[in-house]
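Structure first, commentary second.
The values are calculated or read from the model by the stated rules, or taken from the named source; none is laboratory data. Everything numeric in this text was worked out from a predicted model, so none of it was measured. We place every Cβ from the backbone using ideal geometry, glycine too, and count neighbours over all the protein chains shown.
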Amino acid sequence: MSDSESKHAPNRAIPESLSSLYQEVILDHYRRPRNKGPLEGATHSITMNNPLCGDVIELQLEVSGDRIDRARFEGRGCSISQAAASMMTRELEGRSLDEALELAGKFTQLMHGERGLSEDADLGDLRALAGVARFPVRIKCALLGFNCLEELLGAEGAAGPRDPAGGGA
Amino acid sequence: MTTTDVAASPAPLDVGRIREDFPILNQRVHGRPLVYLDSAASSQKPERVIEAVSRYYRHDHANVHRGVHALSVRATDAYEEARATVAAHIGAGDASEVVFVRGTTEAINLVASAWGPSALSEGDEILLTKMEHHSNLVPWQLLADRTGAILRFADVTPEGELDLEDLERLLGPRTRMVAVTHVSNTLGVVNPVERIAGLSHDVGALCLVDGAQAAPHLPIDVEELGCDFYAFSGHKMCGPTGIGVLWGRTELLAAMPPYQGGGEMIASVRLEGSTWAAVPHKFEAGTPHIAGAVGLGEAIRYLDDVGLDRIHAHEASLTTYAIERLDAIDGLRIYGPRHGRTGVLSFEYGDIHAHDLATILDHQGIAIRAGHHCNQPLMEHLGVTATARASLYLYNTRDEIDALIDGLRVAAEMFGGVGDAPRA
Ligand SMILES: Cc1ncc(COP(=O)(O)O)c(C=O)c1O
């Protein structure tokens, strides 16, 4: 069956709302994720999933003292969840734990439509995800990586890593 | 041969007219005409059903089985007439074998809770398949926890069909229940439930069939199928949400203790104990979803008036067309068999995740499902975490399949070229 036989006018114009969601930089992080794979010498590790859609992120950190030296992730899922995790790992390296949690807070606000933050250089590539705020069902995808971070750091307090054994290799 | 086939085949559906029966279809979503390809999750409702529910509330509503006044009599009549309509539609020997429940999920939970505990002892086996919906899996897991029974799972072949030999191998003297889906909600495959019911009885086991994805599309005759329980949901077959059916053999239903206690289900109540009403009322504690039953009855009359054989023929031809067009897209993989299936089409498109596909299609007015479809063990078996699923019903058209194909091209473009454009 050829296109000319279809009564639906083929409309391949990409709606503007979609192009604001699927920015090139997002697709680039999805196709060529940064910091993906196991982290030798990780001190922190956690795996979280989104039970509704099956997206999975495992986040591993190497923390010395108060600072995140390295961050890597593993995961499966949609472009938004995977790109967000990739971007996040890049922004985490070199931050103190407090700064990392502050970043998580900012990103959460961005996802809830805080437009001012889409110019905030502190968020780095993560700013490209600002368009997700217009897709309420996809916000949880974007937040999965940061949920891992908050769970790791928030739940731990001063008591040390919750899951030291899970970290190595 | 050919002429006989042509003569025997039903007159084709006038889908244009069918679509006029479904007011919801006439709308735009994100500025584009709605293309509803998610009927396996829930179907849309024809005007007649919406009207029947509305008419019931406007003219006939009161509680059932309780009053002597006119409205209560009318409501009771409407409710029981719906039961008789269901019974006739599925070939039940008697209307009392039809228990109204909330849906397939509650029907299966009812059997697991009411039949299970007294029928099973430790080490007894419940045989399921690896393609069951969570609602035909979790109730049995709960029952196994309570009773010490063991769950077994018949395999699914690489082609996406039930491995019947494996099922036969797993049947044994300790098998008490075989619970299988009639049609898979992910693979679309139609299972040979008649055969499975026979095999179950050969070893002295009962057979429950999850008909959630079959009843909307196929003529069902429970006596011909030979199963012991058959469960389905109204909302997937043009009826309201919150109403469904458990069909069970009279002697089995009669022997089972109640599922819930309350009004409607008792013969007499004393403080020390009560005696139960006869089936089916024993299993319908409390005020039932009367309007839902009325709506389901009308939905069944609608499907019967259109003709399930014609609906089936339309869906079969549409499914063949959809498979042909989807297959022509490079990098697109359809799950499930090519034949012996309904119009539930699960697929994967290169490295574009199902959720991204669903979002991109939604913005072109096209509604599909993305995810694990309450089928997580099957997904694991197939080696995927999520698939995209387009599912067809009587109101879908070839144009809508074409719109889906165009929508997938937009997705590929958006992602900078996944696979090649379809060879149109
Ligand atoms: C095969 C199958 N079984 C059971 C169910 C559960 O039906 P309901 O949610 O109406 O109880 C569904 C619906 O999603 C299904 O597809």
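For the reader, a short list of remarks on this structure follows.
- Of the candidates B:Ala215, B:Ala231, the single residue that is in a loop (DSSP other than H, G, I, E, B), within 16 Å of the ligand (Cβ to nearest atom) and more than 14 Å from chain A (Cβ to nearest Cβ) is B:Ala215.
- Flag for B:His134 being over 15 Å from B:Leu246 (Cα atoms) and touching a Cys at 6+ places or on another chain (Cβ under 7 Å): yes
- B:Gly416 out of contact with any Phe, Trp or Tyr (no Cβ under 9 Å at 6 or more places or on another chain), part of a helix (DSSP H, G or I) and of a type in the set (Gly, Ala, Ser): no
- Complete set of residues in the stretch B:193-212 that are more than 16 Å from the ligand (Cβ to nearest atom) and in a loop (DSSP other than H, G, I, E, B): B:Val203, B:Gly204, B:Ala205
- Qualifying residues in the stretch B:381-410 (those that are over 30 Å from B:Leu13 (Cβ atoms) and within 10 Å of chain A (Cβ to nearest Cβ)) - the one modelled with the lowest pLDDT: B:Thr385
- Contacts under 9 angstrom Cβ, first residue in the stretch B:234-252 being more than 10 Å from the ligand (Cβ to nearest atom), partner β-branched (Val, Ile, Thr) and modelled with pLDDT under 95, 6 or more apart: B:Gly248/B:Val279; B:Thr250/B:Val279
- A Cβ distance below 6 Å, combined with a sequence gap of six or more or placement on separate chains, defines the contacts here; from the stretch B:104-123, residues that are under 19 Å from B:Arg174 (Cα atoms) and outside the structural domain of B:Gln141 (by TED's automatic domain parsing) reach no residue that is within 12 Å of the ligand (Cβ to nearest atom) and of a type outside the set (Lys, Arg).
- Selection of strands (runs of 3 or more DSSP E) fully inside the stretch B:84-180 by the criterion of at least 2 residues being within 21 Å of the chain's Cα centre (by Cα), within 22 Å of B:Pro377 (Cα to Cα) and at pLDDT 95 or above returns B:125-129, B:150-154.
- Any hit, the stretch B:39-57, residues being within 14 Å of chain A (Cβ to nearest Cβ), in a loop (DSSP other than H, G, I, E, B), buried (at least 21 other Cβ atoms within 10 Å of the Cβ) and within 16 Å of the ligand (Cβ to nearest atom): no
- Extreme residue, surrounded by the fewest Cβ atoms within 10 Å (Cβ to Cβ), among residues of the stretch B:102-130 that are within 11 Å of the ligand (Cβ to nearest atom) and over 17 Å from B:Cys227 (Cβ atoms): B:Arg102
- Condition met for B:Ala291 (of a type in the set (A, V, I, L, M, F, W, C), within 27 Å of B:Arg74 (Cβ to Cβ), more than 16 Å from the ligand (Cβ to nearest atom) and touching a strand residue (DSSP E or B) at 6+ places or on another chain (Cβ under 6 Å)): no
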